[in-house]
Amino acid sequence: MAAPWEDVLRDEPAIQEAASVAVDAALLEGVLMRTEGEPNASDVVNYAPFTLLPSAVPSVLFEQAYAVQQDFNLLVDAISQNKEFLEDTLASTIKVDDFTAQLFRIHVQVLEEGLAQSVFLGINRSDYMFDCGVDGTPALKQIEINTIAASFGGLTSRTAAVHGQVLKMLGKSKEASRLLPNNPSKGLALGIAKAWELYGSQSAVVMFLVEEVQRNIFDQRCVENELWNRNIRVIRKRFRDVFEKGSLDDAKRLYMDGQEVAVVYYREGYVPKNYDQQNWEARLLLERSRAVKCPDIATQLAGTKKVQQELSRPGTLERLLPGRAEAVTRIRATFAGLYSLDVGEEGDKIAAMAIADPDQFVLKPQREGGGNNLYGEELRQVLEKIRDSPERTSYILMDKIKPQPTINYLLRAHSPLQVSECISELGIFGVYVRQGKEMVMNKAAGHLLRTKAIEHADGGVAAGVAVLDTPYLV
C-alpha cells in the first residue's frame, strides 16, 4: 500500500524544507488548536498535529466506507427508536456501569413523559482500519461508530490544501491534483441547518454545548461559520450555563438567556468526567425540551460499545432493518469479530480465550473520546481480575485489527522531526435528519484520516496521539 513518494522520504534536506513549508501552510489554512498552557485563549495558538505527507488508502476500501455510510445512518436511527432493543442490549451493562445507567434513566424518563422533540438530527462518524488478513489483502473493518461529538470535521476540511502544497513543493504536482476535495464542516452544517429549518422558528438559535476546556475550538468554528453564512444564529454554552439560565415554557420550548433554542449540538457530554449533579440536571432539562438534540440521548446510547457488539449477532441487523437485505450485507461486511462478556457460559469461554491469547484482542469499555481501550498484558491483567465478577459486562471484546504499517513524518509543535512507522484510521461522517417517521436527509458528509505511530495502541487527535492526515487513493 505504498504511496508514490518513497524516494522523497530518503531525501533529508527536502524533508526539512517541506516540513517548514507544511507548518506555515497549516497556519495559513487554519489547521489550528489552542495550546495546552492556554486552552481557553485564542491569543496564543498552534497548528494541530498532522502528517507531512498524505497516506496511501486503497481506493476500493475508501469507496466501500462511503457506500455503507447511509446504511449506518439508517441503522443508528432505527436503534434510537427501538426502546426494547436498547433495554435488552444494555440490561447487563447498566447494572455495572453508572454512566450508561444514568443516560438510560434519562432516556426512560423522557419516553415516559412523552417525547416533545419531533425533528431528529444525527451526526455520526464511522471509523475503520484496514486489516491485512492472512493473505495480506487489506479489508475494511469497523472500529466503532461515534454518535456524539464526532470531531475534526472542521480541521480536516482544511488539511488537504496543506498536503497539496507540500506535494507541489516536492515536485509532485500531478499527485497533488489527485487529492480529493473534502469538506465535512459544510455537510455537518447542512444537517444542522435543515433541522433548524424544520424546527420552524426563524428567530430561534443553534446552541453548541461545549466543554469547559476548549482547545479544539477552531474545529467547531468551521461548522459554526457555515451556519452564520446561512444567517443562522449560533450561541456557545456549557452545561453549567444551561443549569443556571436554561428554562422550558409550557410547550417545552427551550430558552437560554431569553433566546429560543431550535437545535442543541453536543460537543460535550460523552464521558463521565463531563458530569456532576448539576450537569446531569442540565442534560435532563435539554432532553425534555422540544429542541432538536444532536444527539438525543437514545442516539447516544445507540453508539455504545455494547450495542456495537450486539449488532454482530446473527439476525440482529435483519430485525433492525427489515426488508433491507443489501444494506445488511454491506454493514456486516465491515464488522470485525465482536464478543460478549456477559455472565454465563459463553462469556466465561470468551474471557478465558482472551486471557490465553491477549495479543489477538482489544478490550473496550463503554466510553468515547479515545485512550480507553486495553491491549496485550494490560488486557490480560484486567480480565483476570474481573473474570468472575459482573463488572466484566461493562466491557466488550473485539478482534485486534492488524493493519500494514507505512512510513511518514508526524508534525507536532515543539517536537523534533523524525520518521515513524505509522498506521491510519479512516472515519466517514454521516448526517441524517428525520421529521416524525420521514427521513428527509441521509448522506455521507466527508471523511477524516488520522494516523499514529505504531507504538501507540489507542487514542485520537484530541487525546494527543493521532495526527490529521489526507488519503491518497491507490
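The values are calculated or read from the model by the stated rules, or taken from the named source; none is laboratory data. Not measured: the values here are computed from a predicted model. All Cβ positions, even for glycine, are placed from backbone atoms using ideal geometry, and neighbour counts span all protein chains on display. Heavy atoms of the whole protein, side chains included, go into the accessibility calculation; ligands, DNA and RNA do not. Shrake-Rupley method; radii C 1.70, N 1.55, O 1.52, S 1.80 Å.
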What is the Cα centroid distance between the range 308-367 and the range 395-457, reported in whole angstrom?
-> 21
Apportionment of accessible area to carbon and sulfur, the chain, percent (1.4 Å) | 48
Ala325 neighbourhood, Cβ < 12 Å, K/R = +1, D/E = -1, net charge 0
Using the Kirkwood formula on alpha carbons, the hydrodynamic radius of the chain in angstrom works out to 23.1
Leaving out ligands, DNA and RNA but keeping every protein chain, what accessible area does Met439 have, in Å² rounded to the nearest 10, with a 1.4 Å probe?
-> 60
Using only protein heavy atoms and a 1.4 Å probe, report how much of Cys132 is accessible, in Å² to the nearest 10.
-> 30
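Tell me, what is the per residue accessible area of the range 169-243 in Å², probe radius 1.4 Å?
Result: 44 Å² per residue.
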Per residue solvent-accessible surface (Å²) - the range 1-121, probe of 1.4 Å = 44
If you find the alpha carbon centre of the range 1-79 and of the range 242-270, how far apart are they in angstrom?
-> 34
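Given that compact globular proteins tend to follow 2.2 N^0.38 Å, what is the ratio of the alpha-carbon Rg of the range 285-341 to that value?
Dividing the Cα Rg of the range 285-341 by 2.2 N^0.38 Å gives 1.40.
Report, in order of residue number, the helices in the chain meeting two criteria: a C-alpha extent of 15 Å or more along the helix axis, and a mean Kyte-Doolittle hydropathy of at least -1.0; treat each whole DSSP H run as one helix.
Working: long enough: 12-29 (25 Å, 0.63); 69-80 (17 Å, 0.22); 83-96 (20 Å, 0.03); 98-113 (22 Å, 0.13); 156-169 (21 Å, 0.00); 184-199 (23 Å, 0.29); 217-228 (16 Å, -0.43); 277-288 (17 Å, -1.18); 345-356 (17 Å, 0.27); 376-386 (16 Å, -0.59).
Flagged H segments are 12-29, 69-80, 83-96, 98-113, 156-169, 184-199, 217-228, 345-356, 376-386.
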Given the chain, what percent of its DSSP beta bridges are antiparallel, to the nearest 5?
-> 80
Would you please calculate the Kirkwood hydrodynamic radius of the range 1-61 over all C-alpha pairs and express it in Å, rounded to one decimal?
-> 13.8
Per-pair calculated FRET efficiency, R0 = 22 Å: Glu113 and Gln202 via Cβ, rounded to 0.05 | 0.20
Taking every pair of alpha-carbon atoms in the range 376-474, give the share separated by more than 19 Å as a whole percent.
-> 62
Given 25 °C and 0.890 mPa s, how large is the Stokes-Einstein diffusion coefficient of the range 32-154 in µm²/s, with Rh as the Kirkwood radius over Cα pairs?
-> 132
How many Å² of accessible area per residue for the range 288-416, probe 1.4 Å?
-> 43
